[in-house]
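The values are calculated or read from the model by the stated rules, or taken from the named source; none is laboratory data. In this text, all values refer to a predicted model and were calculated from it rather than measured experimentally. Methodologically, a virtual Cβ is constructed for each residue, glycine included, from the backbone with ideal geometry; neighbour enumeration extends over all protein chains shown.
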Amino acid sequence: MTQIRLGLRDNLAQFSLLVAINVFVGAMVGLERSTLPLIGETEFGLGSSAAVLSFIVAFGLAKSVTNLAAGVGAERLGRRRLLIVGWALALPVPLLIAFAPSWAWVVAANVLLGVNQGLAWSMTVVMKIDLAGPRRRGLALGLNEAAGYGGVAVAAALSGWAASEFASRDVLVVGGGGIALVGLLVTVVLVRDTAGHVRLEQSEGGHDGDEAVPRLSQAFAHASHRQPALRSCSQAGLVNNLNDALAWGVVPLFLAAHGASVSEIGLVAGLYPGVWGAGQILTGQWSDHIGRKPLIVAGMLLQAVALGLLAASDGAVGLAAAAAIALGIGTALVYPTLIAAISDAVSPVARAPILGIYRFWRDIGYVAGGLLAGLAADAIGYPGAIAIVAALTAASGIWVAIELPEPLKLGRGRPASSPIP
(Lines give C-alpha, C1' and ligand atoms only; values in the text may rest on other atoms or scores of the structure.)
Protein backbone atom coordinates (compact mmCIF):
# COMPACT_ATOMS: atom_id res chain seq x y z
CA MET A 1 0.00 0.00 0.00
CA THR A 2 1.30 3.45 -0.92
CA GLN A 3 2.12 5.57 2.13
CA ILE A 4 -0.08 8.66 2.44
CA ARG A 5 1.81 11.95 2.67
CA LEU A 6 0.79 15.59 2.67
CA GLY A 7 2.30 18.11 0.26
CA LEU A 8 2.22 19.09 -3.39
CA ARG A 9 5.40 17.26 -4.34
CA ASP A 10 4.31 13.98 -2.75
CA ASN A 11 0.90 14.12 -4.45
CA LEU A 12 1.90 15.75 -7.71
CA ALA A 13 0.21 13.26 -10.05
CA GLN A 14 -3.23 13.40 -8.39
CA PHE A 15 -2.97 17.12 -7.78
CA SER A 16 -2.12 17.78 -11.44
CA LEU A 17 -4.99 15.56 -12.54
CA LEU A 18 -7.44 17.52 -10.39
CA VAL A 19 -6.08 20.79 -11.81
CA ALA A 20 -6.77 19.48 -15.33
CA ILE A 21 -10.27 18.35 -14.38
CA ASN A 22 -11.07 21.79 -13.02
CA VAL A 23 -10.21 23.29 -16.41
CA PHE A 24 -13.11 21.26 -17.79
CA VAL A 25 -15.37 22.25 -14.87
CA GLY A 26 -14.74 25.91 -15.62
CA ALA A 27 -15.17 25.46 -19.36
CA MET A 28 -18.73 24.19 -18.83
CA VAL A 29 -19.65 27.65 -17.50
CA GLY A 30 -17.40 29.57 -19.86
CA LEU A 31 -19.34 28.34 -22.88
CA GLU A 32 -22.31 30.44 -21.73
CA ARG A 33 -20.44 33.62 -20.83
CA SER A 34 -20.42 35.36 -24.18
CA THR A 35 -23.42 33.76 -25.88
CA LEU A 36 -26.33 32.76 -23.65
CA PRO A 37 -27.58 36.28 -22.75
CA LEU A 38 -27.60 37.11 -26.46
CA ILE A 39 -29.43 33.86 -27.30
CA GLY A 40 -32.13 34.88 -24.83
CA GLU A 41 -32.69 38.11 -26.75
CA THR A 42 -32.28 36.89 -30.33
CA GLU A 43 -33.69 33.34 -30.33
CA PHE A 44 -36.26 33.53 -27.53
CA GLY A 45 -37.29 37.16 -27.93
CA LEU A 46 -36.74 38.18 -24.30
CA GLY A 47 -36.98 41.94 -23.96
CA SER A 48 -36.37 42.29 -20.22
CA SER A 49 -32.91 42.11 -18.65
CA ALA A 50 -34.45 40.48 -15.56
CA ALA A 51 -35.96 37.74 -17.76
CA VAL A 52 -32.66 37.16 -19.56
CA LEU A 53 -30.75 36.94 -16.27
CA SER A 54 -33.19 34.36 -14.87
CA PHE A 55 -30.80 31.63 -16.00
CA ILE A 56 -28.09 33.07 -13.73
CA VAL A 57 -30.50 33.18 -10.79
CA ALA A 58 -31.42 29.51 -11.37
CA PHE A 59 -27.75 28.56 -11.75
CA GLY A 60 -26.70 30.40 -8.60
CA LEU A 61 -29.51 29.03 -6.46
CA ALA A 62 -28.83 25.44 -7.55
CA LYS A 63 -25.06 25.83 -7.10
CA SER A 64 -25.30 27.44 -3.67
CA VAL A 65 -27.64 24.78 -2.26
CA THR A 66 -25.49 22.04 -3.80
CA ASN A 67 -22.37 23.52 -2.19
CA LEU A 68 -24.10 23.31 1.17
CA ALA A 69 -25.01 19.65 0.67
CA ALA A 70 -21.63 18.79 -0.84
CA GLY A 71 -19.74 20.13 2.18
CA VAL A 72 -21.52 17.72 4.50
CA GLY A 73 -21.73 14.89 1.97
CA ALA A 74 -17.98 14.98 1.30
CA GLU A 75 -17.29 13.50 4.73
CA ARG A 76 -20.12 10.98 4.63
CA LEU A 77 -20.18 9.86 0.99
CA GLY A 78 -16.64 10.61 -0.17
CA ARG A 79 -15.11 13.27 -2.40
CA ARG A 80 -14.62 11.09 -5.46
CA ARG A 81 -18.21 9.83 -5.50
CA LEU A 82 -19.62 13.34 -5.41
CA LEU A 83 -17.26 14.41 -8.20
CA ILE A 84 -18.54 11.56 -10.38
CA VAL A 85 -22.18 12.46 -9.64
CA GLY A 86 -21.43 16.07 -10.54
CA TRP A 87 -20.12 15.13 -13.97
CA ALA A 88 -22.99 12.71 -14.60
CA LEU A 89 -25.49 15.52 -13.98
CA ALA A 90 -23.70 17.72 -16.53
CA LEU A 91 -24.48 15.35 -19.41
CA PRO A 92 -28.14 16.41 -19.89
CA VAL A 93 -27.29 20.15 -19.93
CA PRO A 94 -26.36 20.44 -23.63
CA LEU A 95 -29.33 18.24 -24.62
CA LEU A 96 -31.80 20.50 -22.80
CA ILE A 97 -30.34 23.56 -24.53
CA ALA A 98 -30.30 21.80 -27.91
CA PHE A 99 -33.99 20.94 -27.89
CA ALA A 100 -35.26 23.89 -25.84
CA PRO A 101 -38.60 25.12 -27.25
CA SER A 102 -38.73 27.90 -24.63
CA TRP A 103 -36.45 29.83 -22.29
CA ALA A 104 -37.76 27.74 -19.38
CA TRP A 105 -35.81 24.77 -20.74
CA VAL A 106 -32.62 26.85 -20.74
CA VAL A 107 -33.31 27.86 -17.13
CA ALA A 108 -33.80 24.16 -16.24
CA ALA A 109 -30.51 23.31 -17.95
CA ASN A 110 -28.79 25.89 -15.78
CA VAL A 111 -30.24 24.32 -12.64
CA LEU A 112 -28.41 21.11 -13.61
CA LEU A 113 -25.32 23.12 -14.51
CA GLY A 114 -25.42 24.70 -11.06
CA VAL A 115 -25.57 21.27 -9.42
CA ASN A 116 -22.67 20.11 -11.61
CA GLN A 117 -20.57 23.12 -10.58
CA GLY A 118 -21.53 22.81 -6.92
CA LEU A 119 -20.41 19.19 -6.77
CA ALA A 120 -17.50 19.14 -9.21
CA TRP A 121 -15.83 22.43 -8.33
CA SER A 122 -16.37 21.96 -4.58
CA MET A 123 -14.79 18.53 -4.65
CA THR A 124 -11.75 19.59 -6.69
CA VAL A 125 -11.21 22.46 -4.22
CA VAL A 126 -11.52 20.26 -1.14
CA MET A 127 -9.42 17.42 -2.58
CA LYS A 128 -6.56 19.77 -3.50
CA ILE A 129 -6.56 21.26 0.01
CA ASP A 130 -6.49 17.71 1.39
CA LEU A 131 -3.48 16.77 -0.73
CA ALA A 132 -1.48 19.98 -0.23
CA GLY A 133 -1.59 20.20 3.56
CA PRO A 134 -1.35 23.51 5.46
CA ARG A 135 2.05 24.74 4.24
CA ARG A 136 1.14 25.36 0.59
CA ARG A 137 -2.60 25.87 0.92
CA GLY A 138 -2.67 29.26 -0.78
CA LEU A 139 -0.62 28.00 -3.73
CA ALA A 140 -2.85 24.93 -4.07
CA LEU A 141 -5.98 27.07 -4.14
CA GLY A 142 -4.39 29.53 -6.55
CA LEU A 143 -3.61 26.71 -8.97
CA ASN A 144 -7.10 25.22 -8.60
CA GLU A 145 -8.93 28.49 -9.21
CA ALA A 146 -6.51 29.49 -11.97
CA ALA A 147 -7.27 26.25 -13.78
CA GLY A 148 -11.03 26.62 -13.37
CA TYR A 149 -11.22 30.23 -14.45
CA GLY A 150 -8.66 29.67 -17.16
CA GLY A 151 -11.16 27.13 -18.50
CA VAL A 152 -13.92 29.73 -18.17
CA ALA A 153 -11.86 32.32 -20.08
CA VAL A 154 -10.78 30.07 -22.94
CA ALA A 155 -14.28 28.67 -23.40
CA ALA A 156 -15.82 32.17 -23.27
CA ALA A 157 -13.44 33.56 -25.86
CA LEU A 158 -13.65 30.52 -28.16
CA SER A 159 -17.44 30.28 -27.94
CA GLY A 160 -17.73 33.99 -28.75
CA TRP A 161 -15.49 33.51 -31.79
CA ALA A 162 -17.28 30.33 -32.87
CA ALA A 163 -20.69 31.98 -32.45
CA SER A 164 -19.66 34.58 -35.02
CA GLU A 165 -19.19 31.74 -37.53
CA PHE A 166 -21.80 29.18 -36.43
CA ALA A 167 -25.15 29.18 -34.60
CA SER A 168 -24.64 30.15 -30.95
CA ARG A 169 -26.82 27.33 -29.67
CA ASP A 170 -24.90 24.73 -31.69
CA VAL A 171 -21.62 25.98 -30.19
CA LEU A 172 -22.98 25.51 -26.65
CA VAL A 173 -24.40 22.06 -27.37
CA VAL A 174 -21.35 20.53 -29.06
CA GLY A 175 -18.84 22.07 -26.65
CA GLY A 176 -20.83 21.24 -23.53
CA GLY A 177 -21.44 17.63 -24.54
CA GLY A 178 -17.76 16.98 -25.26
CA ILE A 179 -16.55 18.61 -22.04
CA ALA A 180 -19.02 16.75 -19.81
CA LEU A 181 -18.22 13.38 -21.34
CA VAL A 182 -14.44 13.79 -21.03
CA GLY A 183 -14.72 15.07 -17.46
CA LEU A 184 -16.81 12.08 -16.40
CA LEU A 185 -14.57 9.47 -18.01
CA VAL A 186 -11.33 10.93 -16.61
CA THR A 187 -12.80 11.14 -13.10
CA VAL A 188 -14.10 7.56 -13.10
CA VAL A 189 -10.87 6.07 -14.42
CA LEU A 190 -8.12 8.10 -12.76
CA VAL A 191 -9.21 10.06 -9.65
CA ARG A 192 -8.62 8.65 -6.16
CA ASP A 193 -10.33 9.75 -2.95
CA THR A 194 -8.46 11.88 -0.37
CA ALA A 195 -10.14 10.87 2.90
CA GLY A 196 -6.86 9.36 4.13
CA HIS A 197 -5.08 12.69 3.74
CA VAL A 198 -7.72 14.39 5.91
CA ARG A 199 -7.20 11.83 8.70
CA LEU A 200 -3.42 12.28 8.47
CA GLU A 201 -3.58 16.07 8.73
CA GLN A 202 -6.05 15.84 11.62
CA SER A 203 -3.71 13.56 13.57
CA GLU A 204 -0.41 15.29 12.70
CA GLY A 205 -1.50 18.92 12.96
CA GLY A 206 -2.12 19.02 16.70
CA HIS A 207 -5.89 18.76 16.28
CA ASP A 208 -8.22 16.56 18.29
CA GLY A 209 -8.11 13.15 16.64
CA ASP A 210 -11.55 12.31 18.01
CA GLU A 211 -13.21 15.51 16.75
CA ALA A 212 -16.44 14.71 14.93
CA VAL A 213 -17.69 16.26 11.72
CA PRO A 214 -19.86 19.21 12.84
CA ARG A 215 -23.61 19.11 12.37
CA LEU A 216 -24.89 21.24 9.52
CA SER A 217 -26.89 23.56 11.80
CA GLN A 218 -23.89 24.06 14.06
CA ALA A 219 -21.49 24.69 11.18
CA PHE A 220 -23.94 27.01 9.39
CA ALA A 221 -24.30 29.32 12.39
CA HIS A 222 -20.55 29.29 12.98
CA ALA A 223 -19.66 30.20 9.37
CA SER A 224 -22.52 32.66 8.81
CA HIS A 225 -22.49 34.91 11.86
CA ARG A 226 -20.81 33.61 15.02
CA GLN A 227 -17.13 33.81 14.05
CA PRO A 228 -15.91 37.18 12.66
CA ALA A 229 -13.28 35.65 10.35
CA LEU A 230 -15.79 33.33 8.70
CA ARG A 231 -18.57 35.93 8.66
CA SER A 232 -16.46 38.57 6.92
CA CYS A 233 -15.20 36.07 4.35
CA SER A 234 -18.72 34.81 3.64
CA GLN A 235 -20.08 38.28 2.90
CA ALA A 236 -17.08 39.10 0.71
CA GLY A 237 -17.59 35.91 -1.26
CA LEU A 238 -21.27 36.76 -1.74
CA VAL A 239 -20.49 40.26 -3.03
CA ASN A 240 -17.69 38.95 -5.26
CA ASN A 241 -20.10 36.63 -7.05
CA LEU A 242 -22.77 39.32 -7.08
CA ASN A 243 -20.51 41.41 -9.30
CA ASP A 244 -19.53 38.31 -11.28
CA ALA A 245 -23.23 37.76 -12.07
CA LEU A 246 -23.31 41.33 -13.37
CA ALA A 247 -20.27 40.68 -15.56
CA TRP A 248 -21.78 37.44 -16.85
CA GLY A 249 -25.31 38.64 -17.58
CA VAL A 250 -25.35 42.43 -17.98
CA VAL A 251 -22.02 43.23 -19.64
CA PRO A 252 -22.78 41.35 -22.91
CA LEU A 253 -26.14 43.13 -23.13
CA PHE A 254 -24.53 46.49 -22.24
CA LEU A 255 -21.89 46.14 -24.96
CA ALA A 256 -24.37 44.84 -27.54
CA ALA A 257 -26.63 47.84 -26.87
CA HIS A 258 -23.70 50.08 -27.85
CA GLY A 259 -23.01 48.21 -31.11
CA ALA A 260 -20.30 45.72 -30.07
CA SER A 261 -20.04 42.58 -32.21
CA VAL A 262 -20.33 39.06 -30.83
CA SER A 263 -16.58 38.52 -31.23
CA GLU A 264 -15.82 41.81 -29.37
CA ILE A 265 -18.17 40.75 -26.58
CA GLY A 266 -16.41 37.38 -26.47
CA LEU A 267 -13.06 39.16 -26.12
CA VAL A 268 -14.23 41.20 -23.12
CA ALA A 269 -16.02 38.19 -21.63
CA GLY A 270 -12.82 36.16 -21.95
CA LEU A 271 -10.39 38.82 -20.67
CA TYR A 272 -11.97 39.08 -17.24
CA PRO A 273 -11.85 35.39 -16.22
CA GLY A 274 -8.56 34.97 -18.13
CA VAL A 275 -6.75 37.56 -16.02
CA TRP A 276 -8.63 36.30 -12.95
CA GLY A 277 -7.55 32.72 -13.66
CA ALA A 278 -3.88 33.34 -14.46
CA GLY A 279 -3.41 35.83 -11.64
CA GLN A 280 -4.48 33.36 -8.97
CA ILE A 281 -1.33 31.29 -9.41
CA LEU A 282 0.62 34.23 -8.01
CA THR A 283 -1.92 35.59 -5.52
CA GLY A 284 -2.62 32.27 -3.84
CA GLN A 285 1.07 31.73 -3.15
CA TRP A 286 1.52 35.40 -2.22
CA SER A 287 -1.13 35.07 0.49
CA ASP A 288 0.88 32.23 2.05
CA HIS A 289 3.66 34.74 2.72
CA ILE A 290 2.06 38.13 3.46
CA GLY A 291 -1.29 36.98 4.84
CA ARG A 292 -4.84 36.83 3.54
CA LYS A 293 -6.37 40.13 4.69
CA PRO A 294 -4.31 42.62 2.62
CA LEU A 295 -5.07 40.81 -0.62
CA ILE A 296 -8.80 40.46 0.09
CA VAL A 297 -9.24 44.14 0.96
CA ALA A 298 -7.17 45.37 -1.99
CA GLY A 299 -8.96 43.02 -4.36
CA MET A 300 -12.47 44.10 -3.37
CA LEU A 301 -11.59 47.78 -3.68
CA LEU A 302 -9.95 47.24 -7.08
CA GLN A 303 -13.06 45.43 -8.28
CA ALA A 304 -15.13 48.45 -7.25
CA VAL A 305 -12.86 50.80 -9.23
CA ALA A 306 -13.06 48.54 -12.29
CA LEU A 307 -16.85 48.47 -12.17
CA GLY A 308 -16.89 52.25 -11.83
CA LEU A 309 -14.78 52.52 -14.99
CA LEU A 310 -17.13 50.15 -16.79
CA ALA A 311 -20.17 52.19 -15.75
CA ALA A 312 -18.53 55.33 -17.15
CA SER A 313 -17.30 53.68 -20.37
CA ASP A 314 -20.45 54.35 -22.45
CA GLY A 315 -20.02 50.86 -23.90
CA ALA A 316 -16.67 51.59 -25.57
CA VAL A 317 -14.98 48.23 -26.15
CA GLY A 318 -11.48 49.54 -25.29
CA LEU A 319 -12.55 50.91 -21.91
CA ALA A 320 -14.66 47.83 -21.24
CA ALA A 321 -11.60 45.65 -21.93
CA ALA A 322 -9.49 47.74 -19.53
CA ALA A 323 -12.21 47.42 -16.89
CA ALA A 324 -12.34 43.66 -17.48
CA ILE A 325 -8.59 43.39 -16.90
CA ALA A 326 -8.77 45.42 -13.68
CA LEU A 327 -11.78 43.41 -12.50
CA GLY A 328 -9.86 40.20 -13.22
CA ILE A 329 -6.85 41.36 -11.18
CA GLY A 330 -9.09 42.33 -8.28
CA THR A 331 -10.90 39.01 -8.33
CA ALA A 332 -7.61 37.11 -8.55
CA LEU A 333 -6.50 38.82 -5.33
CA VAL A 334 -9.73 37.83 -3.59
CA TYR A 335 -10.91 34.45 -4.83
CA PRO A 336 -8.34 31.85 -3.69
CA THR A 337 -7.42 33.96 -0.68
CA LEU A 338 -10.94 33.83 0.78
CA ILE A 339 -10.98 30.03 0.61
CA ALA A 340 -7.51 29.87 2.18
CA ALA A 341 -8.63 32.23 4.97
CA ILE A 342 -11.64 30.00 5.67
CA SER A 343 -9.40 26.91 5.73
CA ASP A 344 -6.99 28.62 8.13
CA ALA A 345 -9.78 29.26 10.61
CA VAL A 346 -11.09 25.69 11.06
CA SER A 347 -9.73 22.22 11.78
CA PRO A 348 -9.29 19.69 8.94
CA VAL A 349 -12.32 17.58 9.85
CA ALA A 350 -14.55 20.68 9.81
CA ARG A 351 -13.07 22.07 6.61
CA ALA A 352 -15.39 20.50 4.03
CA PRO A 353 -18.65 21.49 5.81
CA ILE A 354 -17.44 25.03 6.53
CA LEU A 355 -16.19 25.50 2.97
CA GLY A 356 -19.54 24.21 1.73
CA ILE A 357 -21.33 26.88 3.77
CA TYR A 358 -18.92 29.59 2.61
CA ARG A 359 -19.50 28.51 -1.00
CA PHE A 360 -23.24 28.51 -0.35
CA TRP A 361 -23.14 32.17 0.66
CA ARG A 362 -20.68 33.00 -2.09
CA ASP A 363 -22.89 31.53 -4.80
CA ILE A 364 -26.03 33.10 -3.37
CA GLY A 365 -24.24 36.12 -4.82
CA TYR A 366 -25.24 34.86 -8.28
CA VAL A 367 -28.88 34.89 -7.19
CA ALA A 368 -28.61 38.35 -5.63
CA GLY A 369 -26.57 39.66 -8.54
CA GLY A 370 -28.88 38.27 -11.20
CA LEU A 371 -31.94 39.76 -9.52
CA LEU A 372 -30.37 43.07 -8.59
CA ALA A 373 -28.58 43.66 -11.89
CA GLY A 374 -31.58 42.60 -13.97
CA LEU A 375 -34.13 44.70 -12.09
CA ALA A 376 -31.80 47.70 -11.82
CA ALA A 377 -30.92 47.56 -15.52
CA ASP A 378 -34.63 47.56 -16.41
CA ALA A 379 -35.34 50.45 -14.03
CA ILE A 380 -32.34 52.79 -14.41
CA GLY A 381 -30.28 51.38 -17.28
CA TYR A 382 -27.06 49.40 -17.52
CA PRO A 383 -24.64 52.10 -16.21
CA GLY A 384 -26.79 52.66 -13.12
CA ALA A 385 -26.96 48.94 -12.37
CA ILE A 386 -23.18 48.64 -12.70
CA ALA A 387 -22.62 51.66 -10.41
CA ILE A 388 -24.83 50.15 -7.68
CA VAL A 389 -22.80 46.92 -7.72
CA ALA A 390 -19.54 48.92 -7.64
CA ALA A 391 -20.68 50.66 -4.45
CA LEU A 392 -21.64 47.37 -2.79
CA THR A 393 -18.25 45.90 -3.68
CA ALA A 394 -16.40 48.82 -2.11
CA ALA A 395 -18.49 48.50 1.07
CA SER A 396 -17.65 44.78 1.26
CA GLY A 397 -13.92 45.51 1.09
CA ILE A 398 -14.25 48.00 3.94
CA TRP A 399 -16.13 45.37 5.99
CA VAL A 400 -13.24 42.93 5.58
CA ALA A 401 -10.71 45.63 6.52
CA ILE A 402 -12.57 46.26 9.78
CA GLU A 403 -13.50 42.74 10.86
CA LEU A 404 -11.18 40.06 9.44
CA PRO A 405 -8.40 39.06 11.88
CA GLU A 406 -5.08 38.03 10.39
CA PRO A 407 -3.68 34.71 11.76
CA LEU A 408 0.04 34.58 12.37
CA LYS A 409 2.63 32.35 10.71
CA LEU A 410 0.57 31.24 7.75
CA GLY A 411 2.32 28.55 5.78
CA ARG A 412 4.82 27.79 8.58
CA GLY A 413 3.65 24.81 10.54
CA ARG A 414 0.20 24.53 11.99
CA PRO A 415 -2.27 27.14 10.67
CA ALA A 416 -4.31 29.33 12.97
CA SER A 417 -7.30 27.00 12.91
CA SER A 418 -9.71 25.87 15.56
CA PRO A 419 -12.49 23.33 15.90
CA ILE A 420 -16.10 24.43 16.04
CA PRO A 421 -17.04 24.87 19.70
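Among the residues of the stretch 301-318, which ones are over 25 Å from the mean Cα position of the chain (by Cα) and surrounded by fewer than 20 Cβ atoms within 10 Å (Cβ to Cβ)?
In the first step, residues of the stretch 301-318 are kept if they are over 25 Å from the mean Cα position of the chain (by Cα); the result is 312-318.
Ala312, Asp314, Gly315, Ala316, Val317, Gly318 - these are the residues of the stretch 301-318 that are over 25 Å from the mean Cα position of the chain (by Cα) and surrounded by fewer than 20 Cβ atoms within 10 Å (Cβ to Cβ).
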Checklist entry - Quick check: is even one residue across the stretch 267-278 modelled with pLDDT of 95 or more, over 30 Å from Leu216 (Cα atoms), among the hydrophobic types (A, V, I, L, M, F, W, C) and buried (at least 24 other Cβ atoms within 10 Å of the Cβ)? => result no
Is at least one residue of the stretch 287-297 surrounded by 19 or more Cβ atoms within 10 Å (Cβ to Cβ), among the aliphatic types (A, V, I, L, M), within 14 Å of Ile329 (Cβ to Cβ) and within 15 Å of the chain's Cα centre (by Cα)? no
Leu301 passes all but one of the listed conditions (1) in a helix (DSSP H, G or I); (2) at positive phi; the exception is number (2)
Could you tell me whether Pro214 is within 22 Å of the chain's Cα centre (by Cα), within 30 Å of Ile4 (Cα to Cα), at pLDDT below 90 and not in a helix (DSSP H, G or I)? no
Pro37 passes all but one of the listed conditions (1) under 23 Å from the mean Cα position of the chain (by Cα); (2) surrounded by fewer than 17 Cβ atoms within 10 Å (Cβ to Cβ); the exception is number (2)
Those residues of the stretch 6-34 that are over 23 Å from the mean Cα position of the chain (by Cα) and touching a residue at least 60 places away in the same chain (Cβ under 8 Å) come to a total of 3
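Considering only the stretch 166-178, I want to know if a residue exists there that is out of contact with any Ser or Thr (no Cβ under 9 Å at 6 or more places or on another chain) and not in a helix (DSSP H, G or I).
The first filter runs over the stretch 166-178 and keeps only residues out of contact with any Ser or Thr (no Cβ under 9 Å at 6 or more places or on another chain), leaving 166-167, 170, 173-174, 176-178.
Restricting the remaining residues to those that are not in a helix (DSSP H, G or I) gives 166-167.
Yes.
Residue under question is Ile364, and the condition is that it be under 17 Å from the mean Cα position of the chain (by Cα) and either of a type outside the set (Lys, Arg) or more than 14 Å from Ser224 (Cβ to Cβ) (or both); does it hold?
Working: under 17 Å from the mean Cα position of the chain (by Cα): yes; either of a type outside the set (Lys, Arg) or more than 14 Å from Ser224 (Cβ to Cβ) (or both): yes.
When the stated conditions are applied, Ile364 passes them.
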Expected output for the stretch 119-134 (first residue under 17 Å from Arg362 (Cα atoms) and part of a helix (DSSP H, G or I), partner modelled with pLDDT of 90 or more and small (Gly, Ala, Ser), Cβ below 9 Å, 6+ apart or cross-chain) is Leu119/Gly86; Ala120/Gly86; Ala120/Ala90; Ala120/Gly183; Trp121/Gly26; Trp121/Gly86; Ser122/Gly86; Met123/Gly86
Ala74 fails exactly one of (1) over 19 Å from Ala377 (Cβ atoms); (2) of a type in the set (Gly, Ala, Ser); (3) surrounded by fewer than 24 Cβ atoms within 10 Å (Cβ to Cβ), namely (3)
Among residues of the stretch 4-50 being at pLDDT below 80 and out of contact with any Gly (no Cβ under 9 Å at 6 or more places or on another chain), the residue nearest to Arg199 (Cα to Cα) is Leu38
The lone condition His197 fails out of (1) buried (at least 22 other Cβ atoms within 10 Å of the Cβ); (2) modelled with pLDDT of 85 or more; (3) not aliphatic (A, V, I, L, M) is (2)
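When you scan the stretch 36-86, how many residues do you find that are assigned to a loop (DSSP other than H, G, I, E, B) and in contact (Cβ under 8 Å) with a residue 12 or more places away in the chain?
Step one: list which residues in the stretch 36-86 are assigned to a loop (DSSP other than H, G, I, E, B), which gives 43-48, 53, 78.
From what is left, the residues that are in contact (Cβ under 8 Å) with a residue 12 or more places away in the chain are 43-44, 46, 48, 53, 78.
Qualifying residue count for the region: 6.
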